[in-house]
Each structure stands twice: as C-alpha cells, then as structure tokens.
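Colleague: Take this structure first; my questions come after.
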Number of protein chains: 2
Amino acid sequence: MKLPVSTEWLLHCATTLAQLEAGATASAAQLARYYDLPAAYLAKQLQTLVKAGVLVATTGPRGGFRLGRQPSEITLLHIVEAVDGAASPYECREIRQHGQGALPPEECRRTCVIAVKMAEAHEAWRRSLAEVSLGDILATLSASVPSRTRTRLAGTNLDQPTE
Amino acid sequence: MKLPVSTEWLLHCATTLAQLEAGATASAAQLARYYDLPAAYLAKQLQTLVKAGVLVATTGPRGGFRLGRQPSEITLLHIVEAVDGAASPYECREIRQHGQGALPPEECRRTCVIAVKMAEAHEAWRRSLAEVSLGDILATLSASVPSRTRTRLAGTNLDQPTE
C-alpha cells in the first residue's frame, strides 16, 4: 500500500504556494528548482491539482500556479485524493460468492462485513486528512518563514534577476 | 494506494478457520477450493499469517491451518499487516531539505509537519482495524452459519468422502 512519491511533492508545493502574496504565482519550473524535482513530471502532477480545483493555472509571461481557494479551504485530503484518487486500498472481489463455499445470492445483498470494516478504516483515514487544512499547516510555521519562502521562490525564477 | 488482492483472501480464510471446532484444521487446498483461489499462491500467503502468529500450521496426514490465538485476540490489523507490512503509505523523502528552497538542518530536527499529519491519518486507519477482531466478525454471523461453514469446508477435502 503506497501513495505515489509525488504526494510529498504536491503537499509541499501547495504549502509553498499558500505562502505567496495574494494573486502571486510560481511556475512548475520554479517549484522544481525550489525542491530539486523533475520539472516535466512535476508540471503534469500540478495539473492534477488544477483539475481538482486546489490550484489555478494562469497563462502568459508571468503565468504559473496559485491556490484555487483559501488555505483554510484546502485540506490534505483534497491534495492526496487529487494525486491518488479516492478509492479504498482494499478491493473486495466478493470471493464469498465463489468456490465450493459460495454463499447464496440472497445472503449477499448486504455488503460483506469484512468489506464494511475495511471501508470504515479508510473513512477514518480520510477523516483524519480532511481535518487538516493548508491553513493549519501554515499556522505551525514560524512567523518569519513565509517571507523567506517568497524570497527563495523568487530566486528560482531564471527570467528575473533577483538582486 | 492498493492493498494486495490476497488481503481479501486472508481475511476470509481466517474468518472461515475461526468457525472450526477447537483443534480442527483446514489445508490450503481446501481453502482454495472453498473460495476458488489459486492453491499454491494461497498456501504461500497463509504462511505469512503463520509467521505473524495469526495461524498455526500443523503437519502430517491431517495437517493444515488453524487459528494461532482466540478469535477475540486476532484483529483485522494483525491480518492486514501480515499481508502488507506496517509501513505508512506516505513516503517522506525530506524534499524540504533539497533544492534552492532547502531548509537548514537545524530546522529539520523535528519531523516535517506534513509527514506528522500523514502519519496521524495512518494511525487512525490502524486504530480502526485494531478495534475489530475475528470474534467481532463471527458475532455478526447468523447462528446457523458456522456449522454450515464446517460442512462445506469438509466437502472440499478430497481425501475424505463426505457422505
């Protein structure tokens, strides 16, 4: 049971974008330099966050990505499920209905109790992630961090001299 | 994020073994016929439950598998982690320490808050599965089910005529 390695990338990129001034953007190339990530693959992954409404992509010479909603309105679950989908890791193939021990159909109208319990665990995981927003993550950062983040992120923009 | 397909197999096989009379066993071949599963692969997977102490394997002409502890002492988490390991699905590769935005080491002594929140979600999932034992699953079955399970399972034993 593994989440894609890009889950870490997108959680961190979204946290970084959450520290920008209102309306400011960062490009995939900038974020790739910021975290030393493969730019083309990161760009593709950032698009999945756009599709999910977590980010907005703007075009043009100063185009890039910014948050699509307030940090308090974006949870870790939004980001993780944008990357990996919302399916439960447990797959029930109804083996209870196969083989010599197969249950009759009338006993299988209700979801198998094992599948129910596995789904409850997945819901517990989802609830835990849904309880944490990017706003909550920002609130844990020292007061000086966001301005440093902005300065460093500006330094990854090869088109604009930073000094 | 996917659990192995054998997770369903082992949860059901353990539930079936939990319905046997004390001391009775079932072989991998029997369980494979009972659920129409590939016998060799199922046998291998059952061995992982033996290693985890969930099952005991007995040898000899009437050998097979039985529970290694009382049903109330075996949780869904024991079985799922025997199959898939206990690692969190989220992998933190410390990208915060890489690239042009790399944080200084003194700011990385504590676990990244994002990794902490992802670990908390995994713990919520684990807790949910640890709260459900095979005894709880058995308690949801109709009173007539265990004896039917035993009869059907006996019918999968090609060495012994069942009539």
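Colleague: Identify the single condition in (1) facing another protein chain (nearest Cβ under 9 Å); (2) within 16 Å of A:His78 (Cβ to Cβ); (3) surrounded by fewer than 19 Cβ atoms within 10 Å (Cβ to Cβ) that A:Leu138 does not satisfy, given that it satisfies every other one.
Modeller: If we test A:Leu138 against (1) facing another protein chain (nearest Cβ under 9 Å); (2) within 16 Å of A:His78 (Cβ to Cβ); (3) surrounded by fewer than 19 Cβ atoms within 10 Å (Cβ to Cβ), just (1) comes out false.
Colleague: Are any residues in segment A:53-79 touching a residue at least 60 places away in the same chain (Cβ under 8 Å), in a helix (DSSP H, G or I) and not hydrophobic (A, V, I, L, M, F, W, C), and if so, which ones?
Modeller: Matches in segment A:53-79: A:Pro71, A:Ser72, A:Glu73.
Table: residues versus (1) modelled with pLDDT of 95 or more; (2) closer than 24 Å to B:Arg93 by Cβ.
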| residue | (1), (2) |
| --- | --- |
| A:Met1 | no, yes |
| A:Leu17 | yes, yes |
| A:Ala24 | no, no |
| A:Pro38 | yes, yes |
| A:Leu55 | yes, yes |
| A:Pro61 | no, no |
| A:Leu77 | yes, yes |
| A:Cys92 | no, no |
| A:Ile95 | no, no |
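Colleague: Return only the number of the condition from (1) touching a Ser or Thr at 6+ places or on another chain (Cβ under 7 Å); (2) on the phi > 0 side of the Ramachandran plot that B:Ala130 does not satisfy.
Modeller: Checking B:Ala130 against (1) touching a Ser or Thr at 6+ places or on another chain (Cβ under 7 Å); (2) on the phi > 0 side of the Ramachandran plot, the one that fails is (2).
Colleague: Go through segment B:80-106 residue by residue and tally those that are part of a helix (DSSP H, G or I) and within 21 Å of A:Asp36 (Cα to Cα).
Modeller: 5
Colleague: Moving on to the next point. Collect the residues in segment A:107-162 that are among the basic types (Lys, Arg) and not in a helix (DSSP H, G or I), keeping them in residue-number order.
Modeller: A:Arg109, A:Arg110
Colleague: Condition (residue is within 16 Å of the chain's Cα centre (by Cα), outside any strand (DSSP E or B) and within 14 Å of chain B (Cβ to nearest Cβ)) applied to segment A:45-52: is it met by at least one residue?
Modeller: Within segment A:45-52, one or more residues are within 16 Å of the chain's Cα centre (by Cα), outside any strand (DSSP E or B) and within 14 Å of chain B (Cβ to nearest Cβ).
Colleague: Considering segment A:48-87 alone, what residues qualify as being touching an Asp or Glu at 6+ places or on another chain (Cβ under 9 Å) and among the polar types (S, T, N, Q)?
Modeller: A:Ser72, A:Thr75
Colleague: Exactly one condition in (1) away from chain A (no Cβ under 14 Å); (2) on the phi > 0 side of the Ramachandran plot is not met by B:Gly85; state its number.
Modeller: B:Gly85 satisfies all of (1) away from chain A (no Cβ under 14 Å); (2) on the phi > 0 side of the Ramachandran plot except (1).
Colleague: Can you pull out every residue in segment A:59-92 that is hydroxyl-bearing (Ser, Thr, Tyr), surrounded by 12 or more Cβ atoms within 10 Å (Cβ to Cβ) and more than 30 Å from B:Glu81 (Cβ to Cβ)?
Modeller: A:Ser72
Colleague: Taking segment A:1-39, which residues are more than 11 Å from chain B (Cβ to nearest Cβ) and in a loop (DSSP other than H, G, I, E, B)?
Modeller: A:Ala18, A:Leu20, A:Glu21, A:Ala22, A:Gly23, A:Ala24, A:Thr25, A:Ser27, A:Pro38
Colleague: While we're on this one: What are the pairs, 6+ residues apart or on separate chains, where a residue within segment B:142-157 that is more than 10 Å from chain A (Cβ to nearest Cβ) has its Cβ under 6 Å from a residue that is at pLDDT 90 or above?
Modeller: B:Pro146/B:Gln19; B:Asn157/B:Gln30
Colleague: What pairs can you find where one residue is in segment B:100-127 and more than 7 Å from chain A (Cβ to nearest Cβ) and closer than 30 Å to B:Val80 by Cβ, the other is among the basic types (Lys, Arg) and in a helix (DSSP H, G or I), and their Cβ atoms are less than 9 Å apart, with a gap of 6+ or different chains?
Modeller: Pairs found: B:Cys112/B:Arg96.
The values are calculated or read from the model by the stated rules, or taken from the named source; none is laboratory data. As the structure is a computational prediction, the values presented were derived from the model and not from experiment. No Cβ is skipped: glycine too gets one built from the backbone with ideal geometry, and neighbour counts run over all protein chains shown.
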